[in-house]
1. Please state which one of VAL231, VAL221 is on the phi < 0 side of the Ramachandran plot, touching a helix residue (DSSP H, G or I) at 6+ places or on another chain (Cβ under 7 Å) and part of a helix (DSSP H, G or I).
2. Could you grab me the full set of residues in region 140-181 that are at pLDDT below 95, over 20 Å from HIS207 (Cα atoms) and hydrophobic (A, V, I, L, M, F, W, C)?
3. Would you confirm whether or not region 172-184 contains a residue that is in contact (Cβ under 8 Å) with a residue 40 or more places away in the chain and assigned to a loop (DSSP other than H, G, I, E, B)?
4. Quick check: is even one residue across region 234-245 in a strand (DSSP E or B) and either modelled with pLDDT under 95 or under 26 Å from ALA149 (Cα atoms) (or both)?
5. Name every residue in region 124-152 that is of a type outside the set (S, T, N, Q), assigned to a loop (DSSP other than H, G, I, E, B) and under 16 Å from ASN214 (Cα atoms), in order of residue number.
6. If you check LEU77, LEU68, LEU93, which single one turns out to be surrounded by 13 or more Cβ atoms within 10 Å (Cβ to Cβ) and farther than 17 Å from GLY254 by Cα?
7. Those residues that are among the hydrophobic types (A, V, I, L, M, F, W, C), surrounded by 13 or more Cβ atoms within 10 Å (Cβ to Cβ) and more than 30 Å from LEU77 (Cβ to Cβ), I need them from region 140-194; list them, please.
Amino acid sequence: MSEEKHGHGAGRPAAGGHAGPKLPEIDVCEHGAVIGGEPQSMDRRLFMQLLAYHVPPEGSVAASVEALSLALAASGLDSVIYADVNAPRGLALVSMSEDPGDFVRKLRPHFDQGLPAQLIPRPELTMFGRSYSGGYERDLAQWIIERPADTATKAEWPWAVWYPLRRTGAFEKLTKKEQAGILREHATIGRAYGEKDLAHDIRLACHGLDENDNEFVIGLVGAELHPLSHVVQTMRGTRQTSEYIQHMGPFFVGHRIWSSRD
């Protein structure tokens, strides 16, 4: 069989001199609002990872927190440690970097050397994603790089709810105009909570990065826990959640006990 029939060699002349299919234009940059007639574009984004652990009865929670904080500080990555509200001996950390290689080259070596051996990973709560633009941000770098890190580490917002989600394929079949209207409803509610300093969100894309094939990771942070639960409840009534969310969770609920910016 020819290369063309197998789907190989796209863009090269096929046997007999016939041109192959035209390749699509690929743009991996983030894009923001047009400012002064100039479009914003940059090839940067922030990667964020949540890892959760259980401290068994024979281990010390306090010692584990100290070991985690030392490992994170040595890595040089912006990071936070949470006490798991739903697991009395549970801990989790969120670390972040523009370079995903840092999680392997800078963070992992310190984990191999410095963490108590009895710490038990909870892979079902692992989340990993990247910040992304919606195309309307007026300060692209601030939205993509600075805002997620500032939100996660802000001392006045110690409570956090993190969860992954996946939309149904039907959403992708809607027109861009229909999608925009659905997302606008969702965003308007989120802004209302943010304006009242009740809940602030971190939105990450995780297409191809999640072992359970989720598409997004959401972080909600704030001064109090109840508003974070309330915004999740309110969002259930939106068209996006009620019609186009295939799966949400598991939910991690934590209270920050350490931050690299403290």
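The values are calculated or read from the model by the stated rules, or taken from the named source; none is laboratory data. Note that the coordinates shown come from a computational prediction; the quantities given were computed from them, not determined experimentally. As a convention, Cβ positions derive from the backbone with ideal geometry for all residues, glycine included, and neighbour counts pool all protein chains shown.
1. VAL231
2. LEU140, ALA141
3. Applying the first criterion (in contact (Cβ under 8 Å) with a residue 40 or more places away in the chain) to region 172-184 yields 182-183.
The next check asks that each one be assigned to a loop (DSSP other than H, G, I, E, B); those that pass are none.
No, because not a single residue in region 172-184 is in contact (Cβ under 8 Å) with a residue 40 or more places away in the chain and assigned to a loop (DSSP other than H, G, I, E, B).
4. yes
5. Just the residues of region 124-152 that are of a type outside the set (S, T, N, Q), to begin with: 124-125, 127-130, 132, 134-141, 143-150, 152.
Those left that are additionally assigned to a loop (DSSP other than H, G, I, E, B): 132, 134-139.
Answer for region 124-152, where residues must be of a type outside the set (S, T, N, Q), assigned to a loop (DSSP other than H, G, I, E, B) and under 16 Å from ASN214 (Cα atoms): just TYR132.
6. After applying the criteria, what remains is LEU77.
7. So in region 140-194, the residues among the hydrophobic types (A, V, I, L, M, F, W, C) come out as 140-141, 143-145, 149, 152, 155, 157, 159-162, 165, 170-171, 174, 180, 182-183, 187, 189, 192.
Keeping just the survivors that are surrounded by 13 or more Cβ atoms within 10 Å (Cβ to Cβ) gives 140-141, 143-145, 149, 152, 157, 159-162, 165, 171, 174, 180, 182-183, 187, 189, 192.
Passing the criteria: PHE171, LEU174, ALA180, ILE182, LEU183, ILE189, ALA192.
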